[in-house]
Amino acid sequence: MKTTDSSGDVRLSGISKTYGSFTAVHPLDLTVPQGSFFALLGASGCGKTTTLRMIAGLEEPTTGTVRLGDQDVTALPPYKRPVNTVFQSYALFPHLDIFENVAFGLRRRGIKSVKKQVEDMLELVQLGEQARKKPHQLSGGQQQRVAVARALINHPKVLLLDEPLGALDLKLRRQMQLELKRIQTEVGITFVHVTHDQEEAMTMADTVAVMNAGRVEQLGAPTDLYENPQTTFVANFLGTSNLIEAEVDTKSGDDIVLKAGGGKLVLPEARCSAPTTAGGRVLVGVRPEKISLTHADDAGEIPEGRNRVTGRIADASFIGVSTQYVIDSPVCDELAVYVQNVERDGRLVPGAEVVLHWNPAHTFGLDATQDIDAGIEEEAV
Ligand SMILES: Nc1ncnc2c1ncn2[C@@H]1O[C@H](COP(=O)(O)OP(=O)(O)O)[C@@H](O)[C@H]1O
Ligand SMILES: [Mg+2]
């Protein structure tokens, strides 16, 4: 069932959308490779749906072009584009059974013998047993799979999904994420998936475009975005980052040495997106799970060559698989540290003096002229 032609890629060139004086999407260049699972990730109102609707032809771009493979579809109405959309509200036909809901697109095109195609499609979404049920007899996740089957049966080159799992509870959503990923892998069609849920985007997509206020802030593979954020927004919106204000001291080989709160921190120059002239300000970033905690009494046992910062435990939350610490330090208030619960040190309780240390290779550097808290409020919504 895998498609082999190269016409399923999506190319947006200078595409933008303004409503009066408000710009919902700033001129955007984006290429979604054929057969990829691509996610547009961002907080509510950042322009994801508008971008998706411009691809579908449901919204006319203010500037720019939309190409699907070799074809410029900018002027084409939605029904002439080889694209289908799945929305959060799946809007199945309540009076038709599941089979007929899926068959609908074929019947509308006058295709008489639909049985084989519909059965194959129900098989794909693992609803073969449910063919004769009505939508209200299915769970939310099953109904959403019917919506996906109903869209895929038209053989679109590209499937657009706008927060398709938004109405499902967390556990079902996690199941459906894996399920959609499997379906995409099986059919090989380009999926463009819109979500505000960073875990969802990272679980499902090959490539994630992080959007903020009508712009793509950064685009890349999930691990790349997570390990090498280029902006404070991406660092904070995708998971949690500790950002420490520091000053460039010297260079040492491929590393930059920075001063922070009287101590020194080392950062690979290749992982720094800020200017690195001596005296310049840099935000030094490190993820909470990259940091180890050692009680101050044992500080002598910490290996050489690690970045280290002293502090005091302000709070510790045991959450089973790990313990999440909040640590006040002269370099930064409220550093987050996640420690796997393997061998627990009973001394690591609130009030304890500790040393935080990590491999400098896990450090990243960001331009200090940015808002250090960008992306934090958005994630809490
Ligand atoms: N038809 C419209 N008229 C005016 N403003 C709109 C219209 N559609 C969307 N917007 C605005 O454009 C911005 C982006 O909207 P949208 O693309 O729906 O965001 P998202 O899907 O990321 O939540 C929002 O501020 C929204 O209020
Ligand atoms: Mg939306």
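The values are calculated or read from the model by the stated rules, or taken from the named source; none is laboratory data. Everything numeric in this text was worked out from a predicted model, so none of it was measured. Positions of Cβ are generated from backbone atoms using ideal geometry, with glycine treated the same way; all protein chains shown enter the neighbour counts. Ligands, DNA and RNA are stripped out before the accessible areas are found, and what is left, the full protein with its side chains, is counted by its heavy atoms. Shrake-Rupley method; radii C 1.70, N 1.55, O 1.52, S 1.80 Å.
For the reader, a short list of remarks on this structure follows.
- Any hit, the range 246-266, residues being under 18 Å from ASP373 (Cβ atoms), open to solvent by 10 Å² or more (accessible area, probe 1.4 Å) and outside the structural domain of PRO156 (by TED's automatic domain parsing): no
- Answer residue from the range 181-210, given it is within 14 Å of ligand 2 (Cβ to nearest atom) and assigned to a loop (DSSP other than H, G, I, E, B) and is surrounded by the most Cβ atoms within 10 Å (Cβ to Cβ) among those: HIS196
- Some residue of the range 228-239 being under 27 Å from ASP333 (Cβ atoms), within 16 Å of ligand 1 (Cβ to nearest atom) and either part of a strand (DSSP E or B) or open to solvent by 20 Å² or more (accessible area, probe 1.4 Å) (or both): no
- Residue in the range 227-239 that is among the acidic types (Asp, Glu) and assigned by TED's automatic domain parsing to the domain that holds SER292 present: no
- Taking the listed residues LEU161, LEU178, the one that is in the same structural domain as GLY47 (by TED's automatic domain parsing) and either open to solvent by 10 Å² or more (accessible area, probe 1.4 Å) or farther than 30 Å from GLY47 by Cβ (or both) is LEU178, with no other qualifying.
- Any chance ARG53 is open to solvent by 10 Å² or more (accessible area, probe 1.4 Å), within 12 Å of ligand 2 (Cβ to nearest atom) and more than 15 Å from the chain's Cα centre (by Cα): yes
- Test: residue in the range 122-133 that is in a loop (DSSP other than H, G, I, E, B), more than 16 Å from ligand 2 (Cβ to nearest atom), open to solvent by less than 10 Å² (accessible area, probe 1.4 Å) and not polar (S, T, N, Q): yes
- Checked against (1) part of a helix (DSSP H, G or I); (2) more than 16 Å from ligand 1 (Cβ to nearest atom), LEU159 passes all but condition (1).
- Residues within the range 32-65 that are out of contact with any helix residue (DSSP H, G or I) (no Cβ under 7 Å at 6 or more places or on another chain) and within 16 Å of VAL83 (Cα to Cα), tallied: 15
- Some residue of the range 281-298 being over 30 Å from GLN218 (Cβ atoms), at pLDDT 95 or above, open to solvent by 70 Å² or more (accessible area, probe 1.4 Å) and outside the structural domain of VAL210 (by TED's automatic domain parsing): yes
- Filter result for the condition that a residue is part of a loop (DSSP other than H, G, I, E, B) and within 13 Å of ARG150 (Cβ to Cβ), over PHE104, PHE93: PHE93
- When residues of the range 64-100 are limited to those that are of a type in the set (Phe, Trp, Tyr) and farther than 22 Å from GLU119 by Cα, the one nearest to ligand 1 (Cβ to nearest atom): PHE87
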